[in-house]
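The values are calculated or read from the model by the stated rules, or taken from the named source; none is laboratory data. Only a predicted model underlies this, so the values are computations on that prediction, with no experimental measurement involved. Methodologically, a virtual Cβ is constructed for each residue, glycine included, from the backbone with ideal geometry; neighbour enumeration extends over all protein chains shown.
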Amino acid sequence: MSPLRFNQLLLLIFFFYKRQLRSRIQAERAKEGHALAPLYLCKHTTHFRCFLHIFLTKQRPLTEERKEKTMASEKVETVVAGNYVEMEPEEGDSKSTKSKLSNLFWHGGSVYDAWFSCASNQVAQVLLTLPYSFSQLGMLSGILFQLFYGLMGSWTAYLISVLYVEYRTRKEREKVDFRNHVIQWFEVLDGLLGKHWRNIGLLFNCTFLLFGSVIQLIACASNIYYINDNLDKRTWTYIFGACCATTVFIPSFHNYRIWSFLGLVMTTYTAWYLTIASLIHGQTEGVKHSGPTTMVLYFTGATNILYTFGGHAVTVEIMHAMWKPQKFKLIYLIATLYVLTLTLPSASAVYWAFGDLLLTHANALSLLPRTRFRDAAVILMLIHQFITFGFACTPLYFVWEKLLRVHNTKSMFKRAMARLPVVIPIWFLAIIFPFFGPINSTVGSLLVSFTVYIIPAMAHMVTFSSPSAREVQPSLFKLTEKTDWNRTFSGKFLFVY
């Protein structure tokens, strides 16, 4: 054998042994649970193997400072937002500790639960006022605004989900424990952008949720009046305020599984009842479709539709209730598409049947003849408004608990007692203002525009303004690295808005 052949054989044996040794070392590290730890942390790795590994891989021994940096950089790769200890579904002993019935109706956190929550929260009392908006906008503008605001709302909900995952990832790197703690939108802004953003987000979100809760109480009294007018609307507001106060006993959005499902079923029935009943009723004699007549009415109707797709104030809480929040990306979009199948046919059919009569009837149920189907729709909407009240009030409960420093307590009774003062001002405002049509438009123009569109878009642009930050942000679709579509789309939208 020639010396050249002999050297080639030695090199072949050498590299084969090197490959086998490295695979054995990796297997040993994985077996001990140190798959991502540096080699020098393996307990049963001999000094000879360490030296041989360093020699074969042409690495020099790490100093203590370099060891710490290596461990920190490798640890970052293991952080995946959403793998919470407190949110993971229990296995094994879960059937013995909690009944199957309780898990089925009470403990939700799947993708489907999040979808039900988003869809149920989007369409509530506005389902009955959208025909009124169509009479202000006209048929074509009403349809176009619903499609436009639905698309924009889905996009900004995606931006919020990106910011939440970024915030969660950073906090998990710092070993922050979120057990018994619900992350909220203002905390995301605080962690990513500072206290000034936190204060702005807290102000707009809390004000929006406050008036959203007020609207639900007013709507309850307004709807029940169509099937029982023995009591005036303010008296009904007293009654339903007391009923809605029981939402203080619902711990979090994690426990809205059955309520979200039922709420969506109820709104689906009501929407299709409005559609079918209007088509059967036909057009009223001498019906006119003159909208839009004035610029004031036109933009008033637009703000009401804006409010329809403005459920972003609870997006972070819904994400936090998920077992895997990183799967939220397209949930809001799919929920919006389903909601459009309810709002477009119902609003179009009612406006087609009654036309300009809707300008003096903000609630579409007031124009339909009383039947058992209409009474069923009223009752179902009452129950759904109770659920929506809980959706709007629960984030306010969390804020109040954190202010009183009882948010982390495990006693639900203490938390419920601390939550009760939140219901009182909502109850009081609902009694003072017994009409929800103008409030819908006011909330839509002043609060939803900032809460749903402007603040999330600006926060996303500022957070990912640097090139290094844009490289690590998750993408909705497979875009090129040179294209920052999130920032570009957000900036163009703010300019148009």
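What to note about this one:
- Every residue from the stretch 280-296 that is at pLDDT 90 or above and either in contact with a strand residue (DSSP E or B) (Cβ under 9 Å, 6 or more places away or on another chain) or assigned to a helix (DSSP H, G or I) (or both): 280, 281, 295
- Residue match in the stretch 172-181 (condition: closer than 18 Å to residue 316 by Cβ and among the basic types (Lys, Arg)): yes
- Filter result for residue 277 (surrounded by fewer than 24 Cβ atoms within 10 Å (Cβ to Cβ), modelled with pLDDT of 90 or more, under 29 Å from the mean Cα position of the chain (by Cα) and in a helix (DSSP H, G or I)): no
Matching residues to (1) under 30 Å from residue 303 (Cβ atoms); (2) surrounded by 14 or more Cβ atoms within 10 Å (Cβ to Cβ); (3) touching a residue at least 12 places away in the same chain (Cβ under 8 Å); (4) touching a Ser or Thr at 6+ places or on another chain (Cβ under 9 Å):
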residue: 377; (1), (2), (3), (4): yes, yes, yes, yes
residue: 385; (1), (2), (3), (4): yes, yes, yes, no
residue: 393; (1), (2), (3), (4): yes, yes, yes, yes
residue: 397; (1), (2), (3), (4): yes, yes, yes, yes
residue: 412; (1), (2), (3), (4): no, no, yes, no
residue: 415; (1), (2), (3), (4): no, yes, yes, yes
residue: 428; (1), (2), (3), (4): yes, no, no, no
residue: 432; (1), (2), (3), (4): yes, no, no, no
residue: 439; (1), (2), (3), (4): yes, yes, yes, no
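- For residue 487: the one exception among (1) loosely packed, with under 14 Cβ neighbours inside 10 Å; (2) in contact with a Phe, Trp or Tyr (Cβ under 9 Å, 6 or more places away or on another chain); (3) at pLDDT below 90; (4) not polar (S, T, N, Q): (1)
- For the stretch 138-150, filtered to residues that are among the aliphatic types (A, V, I, L, M) and in contact (Cβ under 8 Å) with a residue 60 or more places away in the chain, the residue that is surrounded by the fewest Cβ atoms within 10 Å (Cβ to Cβ) is 147.
- The lone criterion from (1) farther than 30 Å from residue 361 by Cα; (2) in a helix (DSSP H, G or I); (3) in contact (Cβ under 8 Å) with a residue 40 or more places away in the chain left unmet by residue 130 is number (1).
- Checking each residue in the stretch 244-267 for being touching a Cys at 6+ places or on another chain (Cβ under 8 Å) and within 23 Å of residue 128 (Cα to Cα) picks out only 244.
- Residues within the stretch 395-414 that are over 18 Å from residue 245 (Cβ atoms) and of a type in the set (Phe, Trp, Tyr), tallied: 0
- Complete set of residues in the stretch 218-244 that are assigned to a helix (DSSP H, G or I), within 19 Å of residue 125 (Cβ to Cβ) and hydrophobic (A, V, I, L, M, F, W, C): 218, 219, 220, 221, 224, 236, 239, 240, 243, 244
- Members of the stretch 178-209 found to be without any contact (Cβ under 8 Å) to a residue 40 or more places away in the chain and assigned to a loop (DSSP other than H, G, I, E, B), listed by number: 194
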